[in-house]
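Heads up, the thing below is written out as structure tokens.
The values are calculated or read from the model by the stated rules, or taken from the named source; none is laboratory data. This structure is a prediction, so every number in the text was calculated from the model and none was measured. Note: ideal-geometry Cβ built from the backbone for every residue, glycine included; neighbour counts use all protein chains shown. Only protein heavy atoms, including side chains, enter the accessible area calculation; ligands, DNA and RNA are left aside. Shrake-Rupley method; radii C 1.70, N 1.55, O 1.52, S 1.80 Å.
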Amino acid sequence: MGNTEAMELVTGATGYVGGRLIERLVREGRPVRALARDPSRLADVEGIEAVGGDLVRDAGLDAALEGVETAYYLVHSMEPAAGANGDFGSRDRTGALNFARAASEAGVERIVYLGGIVPQEARLSTHLASRLEVERILLEAGPSSTALRGSIIIGAGSSSFRILVRLVERLRLLPFPAWRDHRTQPISERDAIEYLARTPSVPEAAGRSLDIAGPDVLSYGEMIERIADVMGVGRLPIRFGLSQTPTASAVVNQVCR
């Protein structure tokens, strides 16, 4: 594993993946510093050092990164394309640039970033394009950094997975817009966390972007059907064409609030 006394920083520590990763690192006895805008929201895990900081405002980053060897970057904006503080792409870009600058100045050896799988042929969504921009910024900040590209994470706390479960729970007739046929390769929570935890100890991963995925390639429609089968409920899909996708998306947003 290398030097187990080296400090590791986890950003996005109050998030689903960040919280699970912290638990995993602590179980192995690895010193962990957790960064959050509001440290009081951090889960009470013995053995972590909680620090406050804001990537977009460039607040607290220098202190948070002091003495850090590996930094996990698990911060993503999930807001709509525009908001009171500007579009999410601009916020992600600003946060990544601030973090890259601070990490470089602190001498951080490796940044480990969790982004999204890039489709081979389909046009990139605005969110995925932003993920790739953040990936580029962070990899350029440190030659030994690694970007792990994952699809939907299957786990109780995964926001994407919970949306699919809520649809099955609350609707007898399921609205399937055009993206029902988009194929992806989901990964279990346990495997995703294990990839993150092990990456710093794998020299071959340095300076690379790597896909992490489970064994099954499924469409979103197939995933919903499997969830319904596992839950033992019958659900009738209603298939919308491309022009009705906004209508179906509005239904999904209302149901999953």
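The table below gives the values:
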| read-out | value |
| --- | --- |
| Pairs with Cβ under 7 Å, 6+ apart, first in the stretch 183-195 and more than 18 Å from Ile227 (Cβ to Cβ), second open to solvent by 50 Å² or more (accessible area, probe 1.4 Å) and not hydrophobic (A, V, I, L, M, F, W, C) | Ile193/Arg20 |
| Of all residues in the stretch 3-22 being within 14 Å of Val68 (Cβ to Cβ) and open to solvent by 30 Å² or more (accessible area, probe 1.4 Å), the one that is modelled with the highest pLDDT | Met7 |
| Within the stretch 213-235, tally of residues that are outside any loop (DSSP other than H, G, I, E, B), out of contact with any strand residue (DSSP E or B) (no Cβ under 6 Å at 6 or more places or on another chain) and open to solvent by less than 60 Å² (accessible area, probe 1.4 Å) | 5 |
| Residue satisfying all of: in the stretch 116-155; modelled with pLDDT of 90 or more and among the hydroxyl-bearing types (Ser, Thr, Tyr); most open to solvent (accessible area, probe 1.4 Å) among these | Ser144 |
| Residue in the stretch 161-171 that is at pLDDT below 95, in contact with a Gly (Cβ under 8 Å, 6 or more places away or on another chain) and either open to solvent by 60 Å² or more (accessible area, probe 1.4 Å) or within 20 Å of Ile212 (Cβ to Cβ) (or both) present | yes |
| From Phe99, Phe88, residue being at pLDDT 95 or above and crowded, with 18+ Cβ neighbours inside 10 Å | Phe99 |
| Residue in the stretch 172-187 that is buried (at least 20 other Cβ atoms within 10 Å of the Cβ) and at pLDDT 80 or above present | yes |
| Qualifying strands (runs of 3 or more DSSP E) (wholly inside the stretch 14-113; at least 1 residues being over 25 Å from Leu210 (Cβ atoms)) | 32-36, 48-52 |
| All positions within the stretch 25-51 that are under 21 Å from the mean Cα position of the chain (by Cα), at pLDDT 95 or above and not aliphatic (A, V, I, L, M) | Arg33 |
| All positions within the stretch 192-212 that are surrounded by fewer than 17 Cβ atoms within 10 Å (Cβ to Cβ) and not basic (Lys, Arg) | Glu194, Ser201, Val202, Pro203, Glu204, Ala206, Gly207, Leu210, Asp211 |
| Tally, over the stretch 32-48, of residues that are surrounded by fewer than 19 Cβ atoms within 10 Å (Cβ to Cβ) and under 23 Å from Glu194 (Cβ atoms) | 4 |
